[in-house]
Amino acid sequence: SGKGIDFSATSDGSGTMTSEVLDDYEEGTWTPGISFSDGVVGITYTTQVGRYTKVGDMVTASCYFKLSSKGTSTGNAAITGLPFTSSSTAGTLTAATTWFKLVSFADHHQGDVSSSATKVGLTEVTNAGSFTNLLDTNFINTSEIMLNVTYRV
């Protein structure tokens, strides 16, 4: 009836589903960026490309960007501009796959989306297991980042 695709014929009979109608599908673009403690002073880009697919309450977002200047803001680094705000459910945390070029860090880098967020926090982890936030000092004017993340909205 124009309200979505009804999957009720595939019900498992357990009565645990909250919906059997797929009523939300969307594809689009978004503009990724970087901030340092939410500051973006003087940050400029050579390239900024982002795409997403939203199916129900799940969003898969990917992006690539290259800086031409990291600007003068300081503090914790985050990838900004996710196309949708993540779920506000307490304890929600989603891991993100990240790729860096010309970014310094200890042994391993990781990204995460916390609840009610439109950005991906960036941290570094040592082989000993300690972690700290990536900072503006980890980046140079020509740093590059790729990201892929699937999160609930």
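Quick notes on this structure:
- FRET efficiency estimate (nearest 0.05) - Cβ-Cβ, residue 148 to residue 108, R0 22 angstrom: 0.85
- Model label zone, residue 101; criterion: amide N under 20 Å from point 7 Å along Cα-to-beta-carbon; scope the stretch 132-153: 138-149
- Accessible surface, per residue, of the chain when the full set of protein chains is kept, probe 1.4 Å, Å²: 55 Å²
- Overall form of the stretch 38-91 per C-alpha gyration tensor (a/c, 1.5; a/b vs b/c): oblate
- Percent of Cα pairs exceeding the 15 Å cut-off, where the set is the stretch 73-119: 52 percent
- Between the stretch 118-137 and the stretch 29-94, the alpha-carbon center distance in angstrom: 16 Å
- Rounded accessible area of residue 115 (nearest 10 Å², 1.4 Å probe): 40 Å²
- When the alpha carbon gyration tensor of the chain is reduced to an equivalent ellipsoid, the three semi-axes, largest first, read 34, 18, 12 Å.
- Accessible area, probe 1.4 Å, largest first, for residues 119, 70: 119, 70
The values are calculated or read from the model by the stated rules, or taken from the named source; none is laboratory data. Just so it is clear, the structure is predicted and the values come from calculations on it, not from any experiment. Glycine gets a Cβ as well: all are built from the backbone with ideal geometry, and neighbour counts include every protein chain shown. Quick note on the areas: whole protein, heavy atoms, side chains included, nothing else; ligands and nucleic acids left out. Shrake-Rupley method; radii C 1.70, N 1.55, O 1.52, S 1.80 Å.
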